[in-house]
1. Hey, what did the chain get for relative contact order, percent, Cα under 8 Å, at least 6 apart?
2. Pick from 136, 89, 65: which residue has the top mean-square fluctuation in a GNM of the chain where Cα pairs under 10 Å get a spring?
3. Tell me, what HN-Hα J-couplings in whole Hz come from the Karplus equation 6.51 cos²θ - 1.76 cosθ + 1.60 at θ = phi - 60° for each residue of the range 122-138, using x for Gly and Pro?
4. 222 nm [θ] for the chain, helices only, -39500 (n - 2.57) per DSSP H run of 4+, per residue, to 500?
5. Going by amide H atoms built from the backbone, whose H comes under 5 Å of the H on residue 99, apart from near neighbours?
6. Would you give the gap between the C-alpha center of the range 84-101 and the C-alpha center of the range 24-49, rounded to a whole Å?
7. Between residue 141 and residue 44, 0.36 nm times their residue separation minus their Cα-Cα distance comes to what?
8. With springs connecting C-alpha atoms under 10 Å apart, model the chain as a Gaussian network and identify which of 79, 24, 40 has the largest mean-square fluctuation.
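A short reminder: the numbers here are calculations on the coordinates, not readings from a lab. Note that the structure is predicted; figures quoted are calculated from it, not measured. Every residue, glycine among them, receives a Cβ derived from its backbone with ideal geometry; neighbour counts consider all protein chains shown.
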Amino acid sequence: MKVLMLHGINHNMFGKRDPVQYGTITLAEIDARLGELAVTLAVEIESFQSNYEGAMCERIHQAFLEGTDAVLINAGAWTHYSYGIRDALAILTVPVVEIHMSNIHAREAFRHHSVFADVVRGQISGFGVDSYLLGLRTAVTAVRGE
């Protein structure tokens with residue numbers, strides 16, 4: 001089973017950006033934690049990060065063409081306004097899990113709405129790096145039909 005982890009805009013700055021909301025964990029550390037769990041779950045995980053909306057859409061298209069089994073996405077601020085990424089995600093026929101490190105519903109009002117909500121399996125937010133790990137477990141369970 002192959003799972004794609006999509007990291008959105010500004011995520012390359014984890015560890016430096018707003019530690020009150022995101023802690024001090026880096027993107028490389030998040031990916032390492034996901035990799036460790038992937039081994040335990042006997043799945044392959046690939047991570048992709050971009051600060052460019054078009055590149056994110058193209059990677060989603062590639063996932064569709066490659067037959068990726070599940071997708072995890074933390075699109076950052078794009079979650080709240082990117083209909084382009086939303087439409088790319090809608091092409092996928094596999095489980096898609098939306099992830100956020102912070103509780104987006106306890107933050108600024110504009111963060112309370114996800115334009116992805118109607119095309120993803122579900123949303124996990126507010127648990128820091130554990131949101132990613134819960135997302136991976138959820139996606140694998142969905143694919144395996146457990």
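1. Averaging sequence separation for qualifying contacts and normalising by length gives 27 percent for the chain.
2. Between 136, 89, 65, it is 65 that shows the largest mean-square fluctuation.
3. Along the range 122-138, the couplings run x, 10, 10, 9, x, 10, x, 4, 5, 4, 5, 5, 5, x, 5, 4, 5 Hz.
4. One gets -12000 deg cm²/dmol as the mean residue ellipticity at 222 nm.
5. Here the answer is 73, 74, 75, 124, since their amide H atoms fall under 5 Å of that of residue 99.
6. Each part reduced to its Cα centre gives a spacing of 19 Å.
7. So the chain would gain 33.5 nm between residue 141 and residue 44.
8. So, out of 79, 24, 40, the one fluctuating most is 40.
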